[in-house]
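Comments concern the structure below.
The values are calculated or read from the model by the stated rules, or taken from the named source; none is laboratory data. Only a predicted model underlies this, so the values are computations on that prediction, with no experimental measurement involved. Quick reminder, even Gly has a Cβ in these numbers, built from the backbone with ideal geometry, and neighbours come from all protein chains shown.
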Amino acid sequence: MPYIGSSVKRIEDVPLLRGIGKYVGDIRRPGMVHAAVLRSTRAHARLAAIDASAALKLPGVVGVLTAADMPGLKTIPMRTGQIDGLERSQQTPIATDRVRYVGEPVAVLVARDRYVAEDALELVEVTYEELPVVTDAHAAMGPDAPRLHDAVPRNVPADFEVERGDVKRALAECDLVIEETFETQRHGAVPLETRGLVAEFDETNGMLTVWGPTKMTHTNWRILSELSGIPQSAIHFIEPAVGGGFGGRGEFYPEDFLIPFAAKHFRQPVCWIEDRSENLKALNQSREQTYRMRLGLRKDGTVLAMDAEILFDMGGYTRTHGGVPIVASSAMLRGPLRIENYHCHAYCVLTNKTPVGTYRSPGRYEANFVRERLLDMAAHRLGLDPAELRRRNMIRPEEMPYDHGKTPYHYTIYDSGDLPGQLEAALDHMGYEELQQRCTDARAEGRAMGVGIGCFVETSGIGPWEYARVEVGNNGGVVLYCGINSVGQGIATALSQIVADEMCVSIDDVRVVHGDTAKVPYGNGSNASRSTVMGGSAAVGACRKVKDKLLRLASAELEIDAGDLELADGRISAKGAPERSLDFAALARLALPGPALAQGFTPGISEEDFFATDKRPFPYGVHVVLVEVDRETGMIEILDYLVMEDVGRKINPMIVEGQMAGGLAQGIGGALLEEFAYDEDGQPQSTSFMDYLMPTAMDVPQGQFISTEDFPSPHNPLGVKGAGEGGITAAGAALANAVSNALGVEITRLPLKPGYLLELVDAKDKP
Amino acid sequence: MSTRDITVRVNGAERHGEAEPRKLLSDFIRDDLGLTGTHVGCEHGVCGACTVLLNGDPVRSCLMFAVQANGAEIDTVEGLAPDADTLHPLQEKFQERHGLQCGFCTPGILLTARALLRENPHPGDTEIREWISGNLCRCTGYTNIVTAIREAAGLMSEEEAAAASAPRKD
Amino acid sequence: MKPAGFEYHDPTTLSEATALLGRLGEDARVLAGGQSLVPLMNFRLARPAHLVDLNRVAELDFLSVEGGQLRIGAMIRQRTLERSEDAAAGWPLLREAAGFIGHVQIRNRGTVGGSLAHAFPSAELPVAMVTLEAALVLQGEGGERTVGAEDFFLGTMTTTLEPGELLREVRVPAPAARRGASFQEVSRRYGDFALAGAAALVTLDRDGTVAGARLTLTGSAPIRARDAETAVMGEKPSEALFREAARRAVAGIEQDSDMHASADYRRRACEALARRALAEAAQRAAAAMEDSP
Ligand SMILES: Cc1cc2nc3c(=O)[nH]c(=O)nc-3n(C[C@H](O)[C@H](O)[C@H](O)COP(=O)(O)OP(=O)(O)OC[C@H]3O[C@@H](n4cnc5c(N)ncnc54)[C@H](O)[C@@H]3O)c2cc1C
Ligand code: FES
Ligand code: FES
């Protein structure tokens, strides 16, 4: 039975279950000392002076570093999401003369242990000259707003437009134009493990070793080399076990420069484990967008035009992802709809808050909320059922592949799928009409129950390429070296399944190596649900080359034409004469330099492959949720929740559905609970888990998760579409629709805080 | 700062250490005892990653000073499995039911679940959720964790029943 | 997030503890369950020079019913209170209130005394103790004094405890017959401190009219709702009655605003919860009457 498609147990689990998995905080090096980062307490100020003399006198303190110790500091470059102009607002790893958000690194203290390092932090005196603060994106664009970066007028480092058809003309022809402003709040990935690094400089050979980089190990390897001037060949990055990523962890952050720098500077291994209060100020935040929308429809519900203006609050600097979320929002705002006339003007705006990056389903979660809300509003005004309105506008299977037209910075040709079919399947599964009846009955009793739909198209598997090398070891085992990373999602298991099937061996004979720059020369990491799509496809390519080599070796040894040999159960045998066969270990011996060279073969059984594509697959699906809201307290109870997603092909259904469930819980957190709030002075309000509210087991339902594989992607040999983001992406949309439905109001912002809901109810009750 | 001697029984074995009074029990377990399976996710009592059993009860090891544990019995995740080749039924079911992804929350949740099943060998889903509500998991959405605990409870009572009905040797 | 240094003291008797507190005065903080103090220390928002740990003082670890009255030692864990059959028999409000505190792991360490002494806004046990008219026994080196719960709480994290004093025990008066209790609260996330909450006790006369009522709301300190209590006295329980009482309960009360909810929201939610608490308490009192008229 093939491994692909079956829910094999994860090979990652046993050490993690026994508590012996090594996360970065579990790494101990001889002579290791501990760093703490002194962070700005001001949202916008000039750095007048830093006096660390008292800290340096504290016993146990190794030293203090500030920008003055790091001549020639460069800014951290964008690795993706480059939009012209953004490069003017990049961040140096440590503040030089000015701070632009609370939490910006100002100094690094290194001490015997973290306790002493924190004692020392308190002894450093920083003199700030306060500058005016702006925390609101709209205000930041105003003429009187303080300017964050001298080179960036209006605090808008970049803006761009997406245009298809003729929105103006189309809007004029509409029977109904809905105009509304929508907001999604700042929140973010916040993995349970905070960030951390251990860096060690070996003076004997000039090697700098860093444990902890993840997600984009190879990219960060290059960036560190560029910023530090140390050649990549003298840097070794090692990815340990990782406690969750979700887009936030593993980008090149200021500390990714500072900690290796400190290790080299002090000639001692340096460990830095971010604490949670730093984490909630320093980790990339995400999701804060404001949409000014116009949606135009005909009476029959046909959507004729969509016009959008999006403000993307980037915080104080442009980080490594550049404009990825806003690019995704502007491209994917149309989601599953056929909209012939579309215009979007997107603005990147700087404010005195923590810089932003991606969070699982970047830009799409926000856009789905906006579009799906607009559809429900339109349905209400036109007297149509929300499901019916969607049916009338969804791209049909016969229109696939569907091209949304030219979109700057984003590929938007949907590959395959039956979007309306998936909606029908989801509605059937949940018994949509019965749910609606239940809601009507409940309302008759004075209970506010509502049902909400959120449809989505995701995008995943971004290229441009991925690397894999497959090798057959001396014991006959197969090793895959791959350029993807693991952030806890089970990628090693999925890749093992692919390799085991391709090589016809037991999964126990496959090992996956990733995240180690000494063993894997190239990689593009794990983001945007790309690992299985890209890594898996590259692995398949390398396996095929290895098989070819095995056949050639066997053919020479057995003196049988390769066409008369077959691969099965870890051996190559003569067709029809299985006794004439060689196992992988024997073939590995034949590939040793002596025999191989004698036979005219390149020694070794090791083949590389790159999988490259400029296309992307588009998974799609539906959320349906039933809620009850307490009209007096604004408390929401989720009674039932379905996520259905077509993922093209399931390598491991258990992992796919686990991704959906995990994504949903995060989506519920984003829709109801999580928020990075700031006061007017730019002081962050959510600096502990008492205020940054991640959902507990009591806040999320058991849920129903159904993944389908009806439409494999034509863009890769496996047909996979990526499955990391379907659980989260329409959660804000579906929940907002359900709560709107329950209360008979129109929600236009997230999160669904109880006070906000009561305001909406009031506004509705007061005519 | 002066240090104090600390003696604890950890996973059944007596261990000694020396620590400043301010050293958190979580750090003592991880750094002084070398048991890094106990994780630290917030150090202010919300996430539950640092959960250990203190005299049998699940507690936050980040909200205790190591000196306070002097003389106590502590169980950490490293002591859950009966031996190096066998998993505890909870661990088995977590693997089978995909109750973990990144595994960072897992040690804390396993220990909370262990204590729950001692108190109530047959908890319903709501009770399971109430108990583990003190352990944040960012990856799984809890669905498979609840299933794994429920099924482990079943497995453990089957095993107990089997052990009870097996002929006694002594 | 590591605490600053401190001197650690672990007395084993009450007199040792009070002597230490007397000697160290304002420099010392009592350490009970640590579920509030240790987070504050880890954030370095609290940095006591001395910690006097009460965890080894056996004299503070008792829970008993004497002469109908419930006596709770300060170091009784919240989970012990929650699971005590004795406490639940006469004072079910305590079990209900304790169940709202954080999570099992928090309640395993957190103490009754710590929760009261810490006096955090919207904490459940202070609200419950005010409702139950509990008396708090405070002990210093020189002697003890007893303060009614209502007078003990002064505001956010402030009480009448003086430096050198500790909270030794809580005495909860014997329950009246035909009494019902209810604790209602809402929080943004399960186990978190309440956005709004209300505790009610209703005692019924044999004829089913209200013979006694207590209603307390959450706030920066527990808010006793006297007007509401008076409004229901002698009346037959009804939805309308409790609606009016709840309206009076929140009239003019102060509430805080923060990122989670406005003061106005907290008032409105308190109003709804007050009505529900009164109604449920009355229902339970009626049920108690049926059981033993
Ligand atoms: C994640 C989390 C969630 C929580 N949720 C809630 C909740 O929903 N509701 C709630 O009420 N609480 C909640 N708490 C707090 C918890 O209830 C604490 O246990 C309680 O507030 C303090 O009790 P403690 O025994 O832990 O006291 P400690 O933390 O040890 O002490 C708290 C303060 O009281 C003083 N103190 C303690 N005991 C005495 C005494 N006998 N005499 C004089 N002073 C004393 C200390 O000096 C200190 O200033 C939560 C805590 C956490 C970490
Ligand atoms: S680390 Fe202890 S509760 Fe989070
Ligand atoms: S498995 Fe990652 S936090 Fe739970």
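Residues in the stretch B:129-156 that are away from ligand 1 (no atom under 16 Å from the Cβ), closer than 18 Å to C:GLN105 by Cα and among the charged types (D, E, K, R): 1 in all. Residues in the stretch A:661-696 that are part of a helix (DSSP H, G or I) and either among the β-branched types (Val, Ile, Thr) or more than 8 Å from chain B (Cβ to nearest Cβ) (or both): A:GLY667, A:ILE668, A:GLY669, A:GLY670, A:ALA671, A:LEU672, A:LEU673.
Every test in (1) touching a residue at least 60 places away in the same chain (Cβ under 8 Å); (2) buried (at least 17 other Cβ atoms within 10 Å of the Cβ); (3) away from chain A (no Cβ under 14 Å); (4) out of contact with any strand residue (DSSP E or B) (no Cβ under 8 Å at 6 or more places or on another chain) is passed by C:ARG188 save one, and that test is (3). The helices (runs of 4 or more DSSP H) located wholly in the stretch A:349-466 include none with 2 or more residues which are among the polar types (S, T, N, Q) and within 30 Å of A:HIS218 (Cβ to Cβ). When each of C:ALA49, C:ALA88, C:ALA128 is tested for being within 14 Å of chain B (Cβ to nearest Cβ) and away from ligand 2 (no atom under 16 Å from the Cβ), the lone residue that passes is C:ALA49.
A single member of C:ALA97, C:ALA87 is among the small types (Gly, Ala, Ser), away from ligand 1 (no atom under 14 Å from the Cβ), modelled with pLDDT of 95 or more and not in a loop (DSSP other than H, G, I, E, B), and it is C:ALA87.
Looking across the stretch B:112-151 at every residue that is among the charged types (D, E, K, R) and more than 15 Å from ligand 3 (Cβ to nearest atom), the one that is farthest from the other protein chains (Cβ to nearest Cβ) is identified as B:GLU151. Taking the stretch C:102-113 as the range and being within 15 Å of ligand 2 (Cβ to nearest atom) and touching a residue at least 60 places away in the same chain (Cβ under 8 Å) as the test, the residues that pass are C:GLY102, C:HIS103, C:ILE106, C:ARG109, C:GLY110. Looking across the stretch C:51-60 at every residue that is outside any loop (DSSP other than H, G, I, E, B) and buried (at least 19 other Cβ atoms within 10 Å of the Cβ), the one that is nearest to the chain's Cα centre (by Cα) is identified as C:LEU60. Of all residue pairs spaced 6 or more apart or on separate chains, those with beta-carbon atoms under 6 Å, a first member in the stretch B:54-72 that is free of Cβ contacts under 8 Å to residues at least 24 places away in the same chain and a second member that is basic (Lys, Arg) and in a helix (DSSP H, G or I) are B:VAL59/C:ARG109. Apart from one condition, C:ARG83 fits all of (1) within 14 Å of chain B (Cβ to nearest Cβ); (2) surrounded by 17 or more Cβ atoms within 10 Å (Cβ to Cβ); the exception is (2). Could you say whether any residue in the stretch A:731-748 is buried (at least 23 other Cβ atoms within 10 Å of the Cβ) and within 14 Å of another protein chain (Cβ to nearest Cβ)? There is at least one residue in the stretch A:731-748 that is buried (at least 23 other Cβ atoms within 10 Å of the Cβ) and within 14 Å of another protein chain (Cβ to nearest Cβ).
Yes or no, residue by residue, for (1) farther than 30 Å from B:GLU127 by Cβ; (2) within 16 Å of ligand 3 (Cβ to nearest atom); (3) modelled with pLDDT of 95 or more; (4) within 21 Å of the chain's Cα centre (by Cα):
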{"position": "C:TYR8", "(1), (2), (3), (4)": "yes, no, yes, no"}
{"position": "C:ARG29", "(1), (2), (3), (4)": "yes, no, yes, yes"}
{"position": "C:SER36", "(1), (2), (3), (4)": "no, no, yes, yes"}
{"position": "C:GLU66", "(1), (2), (3), (4)": "yes, no, yes, yes"}
{"position": "C:LEU81", "(1), (2), (3), (4)": "no, no, yes, yes"}
{"position": "C:GLY110", "(1), (2), (3), (4)": "no, no, yes, yes"}
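In the set A:LEU553, A:LEU495, only one residue is more than 16 Å from ligand 1 (Cβ to nearest atom), surrounded by 24 or more Cβ atoms within 10 Å (Cβ to Cβ), more than 28 Å from A:ILE728 (Cα to Cα) and assigned by TED's automatic domain parsing to the domain that holds A:ILE605; that residue is A:LEU553.
Tallying residues that are assigned to a loop (DSSP other than H, G, I, E, B) and within 7 Å of chain B (Cβ to nearest Cβ) within the stretch C:31-42 yields 2.
Out of the stretch B:48-57, which residues are away from ligand 3 (no atom under 16 Å from the Cβ) and either surrounded by 24 or more Cβ atoms within 10 Å (Cβ to Cβ) or more than 7 Å from every other protein chain (Cβ to nearest Cβ) (or both)? Lay out the reasoning, then the answer.
Looking only at the stretch B:48-57, we keep the residues that are away from ligand 3 (no atom under 16 Å from the Cβ), and these are B:52-57.
Hits for the stretch B:48-57 are B:VAL52, B:LEU53, B:LEU54, B:ASN55, B:GLY56.
Here C:THR203 clears all of (1) closer than 24 Å to C:THR156 by Cβ; (2) in a strand (DSSP E or B); (3) not charged (D, E, K, R) except the condition numbered (1). Selection over the stretch A:11-28 of residues that are touching a strand residue (DSSP E or B) at 6+ places or on another chain (Cβ under 7 Å), more than 7 Å from every other protein chain (Cβ to nearest Cβ), in a loop (DSSP other than H, G, I, E, B) and surrounded by 16 or more Cβ atoms within 10 Å (Cβ to Cβ) gives a count of 1.
For (1) more than 22 Å from the chain's Cα centre (by Cα); (2) of a type in the set (D, E, K, R), each residue gets a yes or a no:
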| residue | (1), (2) |
| --- | --- |
| A:GLN268 | yes, no |
| A:ASN284 | no, no |
| A:THR290 | no, no |
| A:ARG298 | yes, yes |
| A:MET314 | no, no |
| A:GLU340 | yes, yes |
| A:THR358 | no, no |
| A:TYR365 | no, no |
| A:PHE369 | no, no |
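Would you confirm whether any residue within the stretch A:755-762 is farther than 30 Å from B:GLU43 by Cα, away from chain C (no Cβ under 14 Å) and touching a Lys or Arg at 6+ places or on another chain (Cβ under 7 Å)? No, because not a single residue in the stretch A:755-762 is farther than 30 Å from B:GLU43 by Cα, away from chain C (no Cβ under 14 Å) and touching a Lys or Arg at 6+ places or on another chain (Cβ under 7 Å).
Would you be able to say whether some residue in the stretch A:1-10 is polar (S, T, N, Q) and touching a strand residue (DSSP E or B) at 6+ places or on another chain (Cβ under 9 Å)? Looking through the stretch A:1-10, none of the residues is polar (S, T, N, Q) and touching a strand residue (DSSP E or B) at 6+ places or on another chain (Cβ under 9 Å).
When you scan the stretch B:61-70, do you find a residue that is in contact with a Lys or Arg (Cβ under 6 Å, 6 or more places away or on another chain) and over 18 Å from A:GLU118 (Cβ atoms), even just one?
Yes - at least one qualifying residue is present in the stretch B:61-70.
Among the strands (runs of 3 or more DSSP E) confined to the stretch B:49-119, the ones with at least 3 residues that are among the hydrophobic types (A, V, I, L, M, F, W, C), within 16 Å of ligand 2 (Cβ to nearest atom) and not assigned by TED's automatic domain parsing to the domain that holds B:VAL146 are located at B:51-54. Among the residues of the stretch C:1-46, those identified as within 16 Å of ligand 2 (Cβ to nearest atom), of a type in the set (A, V, I, L, M) and touching a residue at least 40 places away in the same chain (Cβ under 8 Å) are C:MET1, C:LEU37.
Could you identify the single residue in B:GLY34, B:GLY103, B:GLY45 that is within 11 Å of chain A (Cβ to nearest Cβ) and within 16 Å of ligand 1 (Cβ to nearest atom)?
On the way: B:GLY34 fails: within 16 Å of ligand 1 (Cβ to nearest atom); B:GLY103 fails: within 16 Å of ligand 1 (Cβ to nearest atom).
One residue alone meets the criteria, B:GLY45.
Taken together, A:ALA55, A:ALA117, A:ALA145, A:ALA68 contain a single residue that is without any contact (Cβ under 8 Å) to a residue 24 or more places away in the chain and either in a helix (DSSP H, G or I) or of a type in the set (Phe, Trp, Tyr) (or both), which is A:ALA68.
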